[in-house]
Amino acid sequence: MIRPITLGDLGQLAVLLADCFPPPLNPGGWGTAIWQRTIEQDVRQRLEREGDKILWLGVWREAKLVGAVELSQRQWLHVHYIYLANLAVAAPYRRQGLGRQLLTAAEAAVQTWPQEHLYLHVMENNQAARGLYQGLGYRVERWEWTWQTWLGGPKRLLLAKPLCRYNRECSQA
């Protein structure tokens, strides 16, 4: 079942995100509980502050949150856009189509939002995620250099997809 994540779900969300995106300096160590609490507080503050401009969707199996994705309305200069972030699926549930289900539900959920495109970032070496996104119609807008890139790490890719209400290919299908 996919549904919006509420404030009451934040504990489960923090555990999921901490597992999928471990703390940078102490993965799996004593810092994990602090990392989970930090994530929970950050998401809570953002939901309370930007409630009408942010949406978290989650997928549950046997009352356990096993996947989530964040959508937010953002602005850079005078450009308004929808940004998709933090797509996470618990390790035992990967490769079962839950990421695809979450992305499809996310696209449906934002059809009433006024922006025309969804944007997201993915690391160039994350082949599984790139395949998922490209299979759903996301295209590379640009390659970005980060400080990690200068240290030999992968580039970050900005991907975009037009929403169906603005996409002629959707209406022809």
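The values are calculated or read from the model by the stated rules, or taken from the named source; none is laboratory data. Keep in mind that what you see is a predicted model, and the values were worked out from it rather than measured. Note that each Cβ is placed from the backbone with ideal geometry, even for glycine, and that neighbours are counted across all protein chains shown. SASA here: full protein model, heavy atoms, side chains in, ligands and nucleic acids out. Shrake-Rupley method; radii C 1.70, N 1.55, O 1.52, S 1.80 Å.
Side notes on the structure shown:
- Matching option when the condition is closer than 30 Å to residue 49 by Cβ and either open to solvent by 50 Å² or more (accessible area, probe 1.4 Å) or among the hydrophobic types (A, V, I, L, M, F, W, C) (or both), among 91, 129: 129
- For the range 49-56, the count of residues that are closer than 25 Å to residue 161 by Cα, loosely packed, with under 13 Cβ neighbours inside 10 Å and among the hydrophobic types (A, V, I, L, M, F, W, C) is zero.
- Leading residue by the ranking (most open to solvent (accessible area, probe 1.4 Å)) among those in the range 109-126 that are at pLDDT 90 or above and over 26 Å from residue 91 (Cβ atoms): 119
- Annotation for the range 138-151: at least one member residue is of a type in the set (Ser, Thr, Tyr), surrounded by fewer than 17 Cβ atoms within 10 Å (Cβ to Cβ), farther than 21 Å from residue 53 by Cα and modelled with pLDDT under 95.
- Residue match in the range 57-72 (condition: of a type in the set (Ser, Thr, Tyr), under 17 Å from residue 162 (Cα atoms) and open to solvent by 80 Å² or more (accessible area, probe 1.4 Å)): no
One line per residue, one yes/no per condition, for (1) more than 14 Å from the chain's Cα centre (by Cα); (2) under 15 Å from residue 13 (Cβ atoms); (3) not in a loop (DSSP other than H, G, I, E, B):
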{"site": "36", "(1), (2), (3)": "yes, yes, yes"}
{"site": "45", "(1), (2), (3)": "yes, yes, yes"}
{"site": "69", "(1), (2), (3)": "no, yes, yes"}
{"site": "82", "(1), (2), (3)": "no, no, yes"}
{"site": "86", "(1), (2), (3)": "no, yes, yes"}
{"site": "99", "(1), (2), (3)": "no, no, yes"}
{"site": "103", "(1), (2), (3)": "no, no, yes"}
{"site": "112", "(1), (2), (3)": "yes, no, no"}
{"site": "118", "(1), (2), (3)": "no, no, yes"}
